[in-house]
Amino acid sequence: MSSTADINEVLIGNRTAVNELIAAADRSATTWMTAPAPGKWSPSQIVEHVARSLEEGANVVSGAPSKFPALPFFIRPLVRRFLFNRVLRTNAFPKAKTNKAMNPASGPATPAVGRIRLEEALATFDRQCRACAAGGGSISSTTFGTVSAQDYARFIELHTRHHCRQMPGQPRA
């Protein structure tokens, strides 16, 4: 399969994951700004976090500065092996805290505004992934080191799905 075909398939998965998050956001309208428990995010904050992740992911893919952690070069292979590769292998994110820049104090005012926020962030991520794949498909991440565009896009898809399961009324499996 060609690099373009590979990236198309993975980006369809990203689109599906974002659509599922949008649908969950719409179903969360009555609790949109309410965190389910102390220290947890409201549906609005989850949507904002995922939108930021897509935007910063687009920055990583394009080689622009990102708010994701910049780790020393010798640590990146370990993080790639024990986080990135593990997520891809298991199709699941471990329980973890995010860095301060990705931790939203608030989010979009309504699910409709959240939809626009996610759609714009996904469009940017999609565009950057397609350009990267057309140019060879290798990404230099300050967190994971060098990874393929397909693997990076899959990682972002799994991140979106992880947070979709945190929305009220969603299955946790």
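Mind checking which of Asn59, Gly135, Ala105 is farthest towards the positive end of the chain's charge dipole, using Cβ charges of +1 (Lys, Arg) and -1 (Asp, Glu) about the Cα centre?
Checking the options against the dipole of the chain, the answer is Ala105.
Averaged over all directions, how much area does the convex hull of the C-alpha atoms of the stretch 30-173 cover when projected, in nm²?
8.7 nm²
Report, largest value first, the span of the C-alpha coordinates of the stretch 72-119 along each principal axis, in whole Å.
41, 24, 19 Å, listed from the longest principal axis down.
Using Cα pairs under 8 angstrom and six or more residues apart, how large is the relative contact order of the chain, in percent?
40 percent
Classify the stretch 58-139 as rounded, prolate or oblate from the Cα gyration tensor: take a ≥ b ≥ c as the square roots of its eigenvalues, call it rounded if a/c is under 1.5, otherwise prolate when a/b beats b/c and oblate if not. Don't jump to the answer; show the numbers that get you there.
Numbers: a/c = 1.79, a/b = 1.25, b/c = 1.43.
Oblate, since a/c reaches 1.5 and b/c is not below a/b.
Rolling a 1.4 angstrom probe over the protein heavy atoms, how many square angstrom per residue are accessible across the chain?
Roughly 51 Å² per residue, with all protein chains present.
Quantify, in whole percent, the carbon and sulfur part of the accessible surface of the chain (1.4 Å probe; protein heavy atoms only).
On the way: 5100 of 8910 Å².
So the carbon and sulfur contribution to the accessible surface is 57 percent.
The values are calculated or read from the model by the stated rules, or taken from the named source; none is laboratory data. All values reported here derive from a predicted model rather than from experimental measurement. Positions of Cβ are backbone-derived with ideal geometry, glycine not excepted, and every protein chain shown enters the neighbour counts. Surface areas here come from the heavy atoms of the whole protein model, side chains and all, with no ligands, DNA or RNA. Shrake-Rupley method; radii C 1.70, N 1.55, O 1.52, S 1.80 Å.
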